[in-house]
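The values are calculated or read from the model by the stated rules, or taken from the named source; none is laboratory data. A quick note: this is a predicted structure, and the numbers were derived from the prediction, not measured. Here Cβ is always computed from backbone atoms with ideal geometry, including for glycine, and neighbour counts include all displayed protein chains. All accessible areas refer to the heavy atoms of the entire protein, side chains included, with ligands and DNA or RNA removed. Shrake-Rupley method; radii C 1.70, N 1.55, O 1.52, S 1.80 Å.
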Amino acid sequence: MNDIHEKKLLMAHQVAGYPDDETALAAAEALVAGGTGILEVQLAFSDPSADGVAIQTACSTVLSRGYTVKQGLAYIAEFRRRHPEIPVFLMTYGCLVYRPGVENFVKMAKDAGVSGLIVPDLPFDSDEGLTAACKKHGLENIPVAAPSMTDERLSKMAHAGFKYIYTALRAGITGTQTVITDEMLSFIDKAASGGSIILGGFGISSGEQSKALAPHVTGVIAGSVFVNLITSNFDPAHPEESRKKIAAAVQAKAQELTAPLR
C-alpha cells in the first residue's frame, strides 16, 4: 500500500453487497474512477449504532438476502483483485469480530485483502485484543475519536502509536448534514497531535465541506452521500440501466469531493 502521507485523499464508504454485489462493484468502480484513494467497506449488521437511516436501510436490505460475513469478505477480495492499488479498510462492529474469535476474524480480513479495521464500538484501550491481532497479521487497527471524549482521553489515543485515527466530526449518527466549525477543526488537530494520519468524516456530502477539512486531515471520509445515490438510482426491475445511472452519479460526486484535495 502506498504511503498516504504523500497526498490528501477521499475515503469513500459503502456497504458490501448493497443492493447486490454487481451493483456494489459498479459503484466501487465509479468511486475509483472519481478519484477515491481508500475504499471503506462496511459489513452489514443488524444494529449499526453509529449509522444513520441511509446506512441502516442498506444494512437491512443486505441482511434480508441472508448475506454473510463470508460473502462480504469475498466481495472485498473481488474488489482487491480488480484494484490492488486501492487500500480497503473494513468497518464493522465488535459482535461480528468477536463471534469467530478476534484473531480468526483479523486473519480472514487479511486473507481478503483488507489493510485496516475500523470497529467503532471497541474502545482503543479495551479492544478485546484487536490491536495485537492486527499487528500480528499486518493490518492496522483504526480507532475512532469522538468529540465527546475528554481532552485527556483524546491525548491518550493520539499518543498511543496508531498509524491512523478516524475522527468523527460530531456526536450522533452518520448521514445528517454536518457544518464544519472551528471547534471540530480544533478537535481534529488535537487528535493529530501524536503524529497519526487523520481521517475525518460524518455527514460529508459536498466539495465545500471537503475543502474546509482538507488542511486538517489526510483523508476526507464520505459515506451516506454515496449510499443515498445508490438507493435513489436503483430500480430492481431495470438493474443494468440502474448501474449506469449509479456509476455516473457516484463518479460525479466523488470527483466533487476530491477536487479540493488535489
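The figures follow:
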| item | result |
| --- | --- |
| Any chance A58 is assigned to a helix (DSSP H, G or I) and open to solvent by 20 Å² or more (accessible area, probe 1.4 Å) | no |
| Among residues of region 108-149, those that are hydroxyl-bearing (S, T, Y) and within 14 Å of the chain's Cα centre (by Cα), counted | 1 |
| For P120: the one exception among (1) touching a Phe, Trp or Tyr at 6+ places or on another chain (Cβ under 9 Å); (2) open to solvent by less than 10 Å² (accessible area, probe 1.4 Å) | (2) |
| Any hit, region 226-238, residues being closer than 27 Å to K110 by Cβ and either surrounded by 19 or more Cβ atoms within 10 Å (Cβ to Cβ) or touching a helix residue (DSSP H, G or I) at 6+ places or on another chain (Cβ under 7 Å) (or both) | yes |
| Filter result for the condition that a residue is farther than 20 Å from G200 by Cα, without any contact (Cβ under 8 Å) to a residue 24 or more places away in the chain and of a type in the set (V, I, T), over T23, T68, T61 | T68 |
| Positions within region 84-100 being over 17 Å from A16 (Cβ atoms) and part of a helix (DSSP H, G or I), in sequence order | G94, Y98 |
| Test: residue in region 64-74 that is open to solvent by 10 Å² or more (accessible area, probe 1.4 Å), in a helix (DSSP H, G or I) and in contact with a Pro (Cβ under 7 Å, 6 or more places away or on another chain) | no |
| Flag if E152 is among the charged types (D, E, K, R) and either touching an Asp or Glu at 6+ places or on another chain (Cβ under 8 Å) or at pLDDT 95 or above (or both) | yes |
| Region 113-131 residues that are more than 17 Å from M11 (Cα to Cα), paired with ones that are in a loop (DSSP other than H, G, I, E, B) and of a type in the set (A, V, I, L, M) (beta carbon under 8 Å, 6 or more apart) | D121/A50; F124/A160; D125/A160; D127/V119; E128/L122; L130/V119; L130/L122 |
